[in-house]
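Beneath this line is the structure, given in structure tokens, with notes to follow.
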Amino acid sequence: MSARVKGLSLVAFERALGELQGKAAIERIYPHVPRDVANALGRAEILPMGWYPMEWFASLHAAAQAEFGAEISREIGRAATRHEVTAAYGFIRKFASPEAVIKHYDRVFGLFCESGRVTVEESARGRARMRCSGLEGANRGVWEDVVGSTETLLELCGGYAPSGEILSGGGNTDSMICSFSWQA
């Protein structure tokens, strides 16, 4: 069974793409995603608290990357997270430190991905290494979004100049290993 993503992620994708590339950007990618995805977004039928197939999210990222370049997915993750954490999920900032975000990252991840799992393999002041798995239907764009989102979370919780890197996986696979570094 495919993984599912929170509807908020789809809505946030649309908002972030518009902020980054202009209001008409989402319409430019509609022809490149499945009709049901384009229709649901175009008609504002996505429920932020609902769960949707990971393939929908992946198709949006693939289309955005084809239209705007590979780096757009990480930029979308950053912009969407900055908006959602300051608007709807402000309690995440109460973790108060990047190290605490990493320690509880599995819970944060679970807010947006229904079947995904996160294992923190290494964590120390200013760095972490994590394994994310169980996201059947994910693609490189989804994983880049996760990295960009995490960089922004680390920054919002006090990390300076956070940087993430996909070490393995992170393509059209259900898992990746990534590392993050930041200055305290």
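The values are calculated or read from the model by the stated rules, or taken from the named source; none is laboratory data. Quick caveat: nothing in here was measured; it's all calculated off a predicted structure. We place every Cβ from the backbone using ideal geometry, glycine too, and count neighbours over all the protein chains shown.
Some values worked out for this structure:
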read-out	value
Residue ID - modelled with the lowest pLDDT, chosen from residues in the range 1-19 that are part of a loop (DSSP other than H, G, I, E, B) and surrounded by fewer than 21 Cβ atoms within 10 Å (Cβ to Cβ)	M1
Residues (surrounded by fewer than 23 Cβ atoms within 10 Å (Cβ to Cβ), not in a strand (DSSP E or B) and not acidic (D, E)) located in the range 125-138	R125, G126, G134, G137
Among the residues listed as F112, F68, the single one being among the aromatic types (F, W, Y), touching a Lys or Arg at 6+ places or on another chain (Cβ under 8 Å) and within 21 Å of V147 (Cβ to Cβ)	F112
Hey, E75 surrounded by fewer than 19 Cβ atoms within 10 Å (Cβ to Cβ) and at pLDDT 95 or above or not	no
Failed condition for I102, given (1) β-branched (V, I, T); (2) modelled with pLDDT of 95 or more; (3) over 14 Å from the mean Cα position of the chain (by Cα)	(2)
Residue within the range 20-35 that is in a helix (DSSP H, G or I), hydroxyl-bearing (S, T, Y) and surrounded by 14 or more Cβ atoms within 10 Å (Cβ to Cβ) present	yes
Complete set of residues in the range 168-184 that are under 12 Å from E99 (Cα atoms) and in contact with a Lys or Arg (Cβ under 9 Å, 6 or more places away or on another chain)	F180, S181, W182, A184
Any hit, the range 136-153, residues being more than 17 Å from S9 (Cβ to Cβ) and at pLDDT below 95	no
The range 140-167, subset part of a strand (DSSP E or B) and touching a Lys or Arg at 6+ places or on another chain (Cβ under 9 Å), residue surrounded by the most Cβ atoms within 10 Å (Cβ to Cβ)	G164
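Yes or no, residue by residue, for (1) among the aliphatic types (A, V, I, L, M); (2) without any contact (Cβ under 8 Å) to a residue 40 or more places away in the chain:
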| position | (1), (2) |
| --- | --- |
| R15 | no, no |
| K23 | no, yes |
| I26 | yes, yes |
| D36 | no, yes |
| L41 | yes, yes |
| L47 | yes, no |
| P53 | no, no |
| A63 | yes, yes |
